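Undergrad: The structure follows.
The values are calculated or read from the model by the stated rules, or taken from the named source; none is laboratory data. Note that this is a predicted model, so its numbers are computed, not measured. Here the Cβ is made from the backbone with ideal geometry for all residues, glycine too, and neighbour counts use every protein chain on show.
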Amino acid sequence: MNLPKKIGVLTSGGDAPGMNAAIRAVVRACAYHDLESVGVYRGFQGLLEGDFNPLDARSVKNIINRGGTFLKSARSEEFRTVEGRKKAFRNLKNENIDALVVIGGDGTFAGASIFANEFNFPIVGLPGTIDNDINGTDYTIGYDTALNTVVEAIDKIRDTANSHNRLFLVEVMGRDAGDIALNAGIGAGAEEILIPEQNMGRERLLESLSRSKISGKTSSIVVVSEGDQIGKNIFGLAEFIEENLKEYEVRVTVLGHIQRGGAPSCYDRVLASRLGVGAIDALLRGETNVMIGIVHNKVTSVPFSEATKGSNEIDAELIRVADIISI
Ligand code: F6P
């Protein structure tokens, strides 16, 4: 078995806080094992363009605390074509790069898996997305930071909600998954949480909001996941509530990309560091086509074929807790 000697690292898909910490861990683990490391800029697009830069332990100093990804990220249409991937392979060979660590979401792993199989090229993935929607890992890099950002923002919104007796609809990210909405909703004390995995329906929302008023609540926070059925048009939802429940004055806040930025939380820094070291360990064990994740607080590896978008199962216990504490 030929173990890799020069390893490329790239970030792809949406950026997530902790990606820099993961790159740092990969590069330093390479240095620890006397392997060379190379940064690939702008994800798979950088592979196609040969946009490489050698990295060493010192080139990743002072980045553990920085959000975003210093290697930058991009979506590459050309990498979807065989011709594009051939070009990428030639560039890697010319540079003597003999393995890759890719940091991103399920789309990143799908592309990486095709490439790894086509060219018999060792690739290991790390889950980096705020959505926490990847099977085979309990947590993705960036999720914890995003949760904290959302809770902090809702705490601020609550001040106005409370001072003006208003209902706020707060839209949070999570294209297909309600993890951010559900957990941040509980953490921020939301009255209702709308998630894509569970279609609550507008009528039930009205009933619940009426009950809240009757129970003596003067202000309310409803967290709406961007992927939720009725959250698709959050401004329309606000109008619908105002038309049907005249007692409510409704405002909308769309948190948007502030959820993707900022210094990573301690949890994300530690997770990224463990997974980055785990990626190089896996390559040195001869593993390929796998994602390194965390399951029951243990670093594990699962085949890319299983590291797909998370199942739409909802955590019934969390929903129950949310229901009970919002009474
Ligand atoms: O997948 C991460 C994510 O932030 C989703 O939560 C969101 O729907 C999407 O990316 C936004 O993507 P973009 O930055 O391309 O608009």
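Undergrad: Looking at the structure I just gave you, is G231 within 16 Å of the ligand (Cβ to nearest atom), at pLDDT below 95 and buried (at least 19 other Cβ atoms within 10 Å of the Cβ)? Write out each step before concluding.
TA: Details: within 16 Å of the ligand (Cβ to nearest atom): yes; at pLDDT below 95: yes; buried (at least 19 other Cβ atoms within 10 Å of the Cβ): yes.
Taking the combined requirement at face value, the residue satisfies it.
Undergrad: Also, quick follow-up: Given A16, A25, A31, which one is away from the ligand (no atom under 16 Å from the Cβ), under 20 Å from I123 (Cβ atoms), among the small types (G, A, S) and in the same structural domain as I294 (by TED's automatic domain parsing)? Explain how you work it out, then say what you get.
TA: Details: A16 fails: away from the ligand (no atom under 16 Å from the Cβ); A31 fails: under 20 Å from I123 (Cβ atoms).
After ruling out the rest, the residue left standing is A25.
Undergrad: Something else now. State all residues of the stretch 88-106 that are in contact (Cβ under 8 Å) with a residue 40 or more places away in the chain and out of contact with any strand residue (DSSP E or B) (no Cβ under 9 Å at 6 or more places or on another chain); if no residue qualifies, say none. Break it down stepwise before answering.
TA: Residues of the stretch 88-106 in contact (Cβ under 8 Å) with a residue 40 or more places away in the chain: 88, 91-92, 94-106.
Selection gives A88, N94.
Undergrad: Which of (1) within 19 Å of G227 (Cβ to Cβ); (2) part of a helix (DSSP H, G or I) does N132 not meet, given it meets every other one?
TA: Every listed condition holds for N132 apart from (2).
Undergrad: Just one of A110, A99 is more than 15 Å from the ligand (Cβ to nearest atom) and modelled with pLDDT of 95 or more; which is it? It would help to see each step written out before you state the result.
TA: Values: A110 fails: more than 15 Å from the ligand (Cβ to nearest atom).
Residue meeting the stated conditions: A99.
Undergrad: Here is a list: I114, I134. Which entry is buried (at least 23 other Cβ atoms within 10 Å of the Cβ), within 26 Å of the chain's Cα centre (by Cα) and closer than 26 Å to T308 by Cα? It would help to see each step written out before you state the result.
TA: Values: I114 fails: buried (at least 23 other Cβ atoms within 10 Å of the Cβ).
Exactly one of I114, I134 is buried (at least 23 other Cβ atoms within 10 Å of the Cβ), within 26 Å of the chain's Cα centre (by Cα) and closer than 26 Å to T308 by Cα, namely I134.
Undergrad: Every residue in the stretch 23-79 that is acidic (D, E), part of a loop (DSSP other than H, G, I, E, B) and in contact (Cβ under 8 Å) with a residue 24 or more places away in the chain, please. Break it down into steps so the answer makes sense when it comes.
TA: Pass one, the stretch 23-79, residues acidic (D, E): 34, 36, 49, 51, 56, 77-78.
Next cut, part of a loop (DSSP other than H, G, I, E, B) only: 34, 51, 56, 77.
Across the stretch 23-79, the qualifying residue is only D56.
Undergrad: Run R175 past the list (1) closer than 17 Å to T308 by Cα; (2) within 16 Å of the ligand (Cβ to nearest atom); (3) buried (at least 19 other Cβ atoms within 10 Å of the Cβ) and report the number of the one that doesn't hold.
TA: Going through (1) closer than 17 Å to T308 by Cα; (2) within 16 Å of the ligand (Cβ to nearest atom); (3) buried (at least 19 other Cβ atoms within 10 Å of the Cβ) one by one, R175 breaks only (3).
Undergrad: Is it the case, given these coordinates, that G142 is on the phi > 0 side of the Ramachandran plot and either out of contact with any Leu (no Cβ under 6 Å at 6 or more places or on another chain) or away from the ligand (no atom under 16 Å from the Cβ) (or both)?
TA: yes
Undergrad: Pairs, please: C-beta under 7 Å, at least 6 apart or cross-chain, first residue within 16 Å of D159 (Cα to Cα) and in the stretch 207-230, second within 15 Å of the ligand (Cβ to nearest atom) and in a helix (DSSP H, G or I)?
TA: Listed by first residue and then by second, the contacts come to V223/A181; V223/A184.
Undergrad: Taking only the stretch 2-13 into account, find how many residues are more than 16 Å from the ligand (Cβ to nearest atom), out of contact with any Cys (no Cβ under 7 Å at 6 or more places or on another chain) and not basic (K, R).
TA: If we filter the stretch 2-13 for residues that are more than 16 Å from the ligand (Cβ to nearest atom), which is where we start, we get 2-10.
Restricting the remaining residues to those that are out of contact with any Cys (no Cβ under 7 Å at 6 or more places or on another chain) gives 2-6, 8-10.
Those left that are additionally not basic (K, R): 2-4, 8-10.
Number of matching residues: 6.
Undergrad: N132 passes all but one of (1) more than 16 Å from the ligand (Cβ to nearest atom); (2) touching a residue at least 12 places away in the same chain (Cβ under 8 Å); which number fails?
TA: The number of the failed condition is (1).
Undergrad: Here is a list of conditions, (1) among the small types (G, A, S); (2) away from the ligand (no atom under 16 Å from the Cβ); (3) over 25 Å from L271 (Cβ atoms), and S59 meets all of them except one; can you say which number that is?
TA: Just one mismatch for S59, condition (3).
Undergrad: For the stretch 234-290, how many residues meet the condition of being away from the ligand (no atom under 16 Å from the Cβ) and more than 23 Å from K217 (Cα to Cα)?
TA: Residues meeting the conditions: 27.
Undergrad: Quick one: how many residues across the stretch 252-289 are among the charged types (D, E, K, R) and either free of Cβ contacts under 8 Å to residues at least 40 places away in the same chain or under 16 Å from L147 (Cα atoms) (or both)? Outline the logic, then answer.
TA: Taking the stretch 252-289 as the starting set, the residues that turn out to be among the charged types (D, E, K, R) are 260, 268-269, 274, 281, 285, 287.
Among the residues that remain, those that are also either free of Cβ contacts under 8 Å to residues at least 40 places away in the same chain or under 16 Å from L147 (Cα atoms) (or both) are: 260, 268-269, 285.
Count: 4.
Undergrad: Same structure again: Please work out which one of (1) part of a loop (DSSP other than H, G, I, E, B); (2) of a type outside the set (D, E, K, R); (3) under 22 Å from the mean Cα position of the chain (by Cα) is the condition N96 fails and give its number.
TA: Just one mismatch for N96, condition (3).
Undergrad: I'd like to verify a number: residues in the stretch 45-68 that are in contact with a strand residue (DSSP E or B) (Cβ under 7 Å, 6 or more places away or on another chain), buried (at least 20 other Cβ atoms within 10 Å of the Cβ) and farther than 19 Å from I280 by Cα, how many?
TA: 2
Undergrad: What are the residues in the stretch 153-172 that are surrounded by fewer than 16 Cβ atoms within 10 Å (Cβ to Cβ) and in a loop (DSSP other than H, G, I, E, B), if any? Please lay out each step first, then the result.
TA: Here is the first cut: in the stretch 153-172, the residues surrounded by fewer than 16 Cβ atoms within 10 Å (Cβ to Cβ) are 155-156, 159-160, 162-165.
Matches in the stretch 153-172: H164, N165.
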